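*Asks:* Submitted below is the structure of interest, expressed as structure tokens.
The values are calculated or read from the model by the stated rules, or taken from the named source; none is laboratory data. This is a predicted model, so every value here is computed, not measured. Reconstructed Cβ throughout: ideal geometry from the backbone, glycine too, with neighbour counts over all protein chains shown. Ligands, DNA and RNA are stripped out before the accessible areas are found, and what is left, the full protein with its side chains, is counted by its heavy atoms. Shrake-Rupley method; radii C 1.70, N 1.55, O 1.52, S 1.80 Å.
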Amino acid sequence: MDGVHDMGGMDGFGKVEPERDEPVFHARWEGRVVAMTRAMATLGHWNIDVGRYGIEVLPPHVYLSSSYYRRWFLRTADLIVQRGLVGADELAAGRAFRADEEKGRKKFSLADVERVTRRGSFGRTAPAPARFRIGDRVRAINIHPRSHTRLPRYVRGHVGVVERLHGAHVFPDAYVAGKGEDPQWLYTVCFESRELWGPDADPTVKISVDAFEPYLERA
């Protein structure tokens, strides 16, 4: 999806200033948002790709003015209403007005946390042999989808070299669009900085991007 969230390679946002001795969380509520996110994942109503898309559809002024974990919170709030887990009125009031319809759902204790929040694998059986091999020159296709994609804008239309194969995985673009898992081969493709940003770029810099097979064509 083309939008303000795809900031890779964009100018105008200033220098990245790492925070010295940065804490894991700057406020207690941030840790609670992470815990909420992991807990919701155990219900299986959406996967990480749907969660990412939930952040991408935040209005531009909200996305740009929100901190990292506030975006997570807003995304989760939107998704639980969309999936019918709570009503918008309940969310606004901060309490339930209706009985939980998922009668089979069980509570889990602190002792269960590690087990129920363990992330599963997105690796799948490959539907066909890989089209590309390590060392192949490939071009990232030039697409501008209205929905979710994991292909960043700054590599589209540019040529790189396959440097690693990761097997087949759930294809995010298809899953978010409601087309099922549609497993696709995943590659790491290395791009020269001058290929991406022109002759003024630092020639010693190389950029590696993980790209699914449908994103690539032979160069």
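*Asks:* Could you sort L85, L64 by their accessible area in this structure, using a 1.4 Å probe and putting the largest first? Walk me through the numbers before you get to the answer.
*Replies:* Numbers: L85 45, L64 85 Å².
Listed by decreasing accessible area, they come as L64, L85.
*Asks:* With a point put 7 Å past each Cα toward its Cβ, work out how far T42 is from I143 in nm, to one decimal.
*Replies:* Going by the 7 Å Cα→Cβ label model, 3.5 nm.
*Asks:* Given a 1.4 angstrom probe, I'd like the percentage of the accessible area of the stretch 1-81 that is carbon and sulfur, rounded to a whole number.
*Replies:* Carbon and sulfur: 58 percent of the exposed surface of the stretch 1-81.
*Asks:* While we're looking at this one, here's another question. Describe numerically, in nm with one decimal, the distance between label points set 7 Å from Cα along Cα→Cβ at R20 and at V34.
*Replies:* With each label placed 7 Å out from Cα toward Cβ, I get 2.4 nm.
*Asks:* Among (1) 20.2; (2) 17.3; (3) 18.7, which one is Kirkwood radius over Cα pairs in Å computed from these coordinates?
*Replies:* Computed from these coordinates, Kirkwood radius over Cα pairs in Å corresponds to label (1).
*Asks:* Could I ask something else about it? For a protection proxy built on the mean count of beta-carbon atoms within 10 angstrom, sort 133-144, 47-58 highest first, please. It would help to have the intermediate numbers written out before the result.
*Replies:* Details: 133-144: 13.9, 47-58: 17.7.
Sorting 133-144, 47-58 by mean packing, highest first, produces 47-58, 133-144.
*Asks:* While we're looking at this one, here's another question. Starting from the Cα of V205, step 7 Å along the direction of its Cβ; do the same at S67; then give the gap between the two resulting points in nm.
*Replies:* Taking the simple label geometry, V205 and S67 are separated by 2.8 nm.
*Asks:* Suppose R0 equals 41 Å. What FRET efficiency, 1/(1 + (r/R0)^6) with r the Cβ-Cβ distance, do D89 and D6 give to the nearest 0.05?
*Replies:* 0.75
*Asks:* How would R70, R32 rank on accessible area, largest to smallest, probe 1.4 Å? Display every interim value, and only then the final one.
*Replies:* Numbers: R70 100, R32 140 Å².
Descending accessible area places them as R32, R70.
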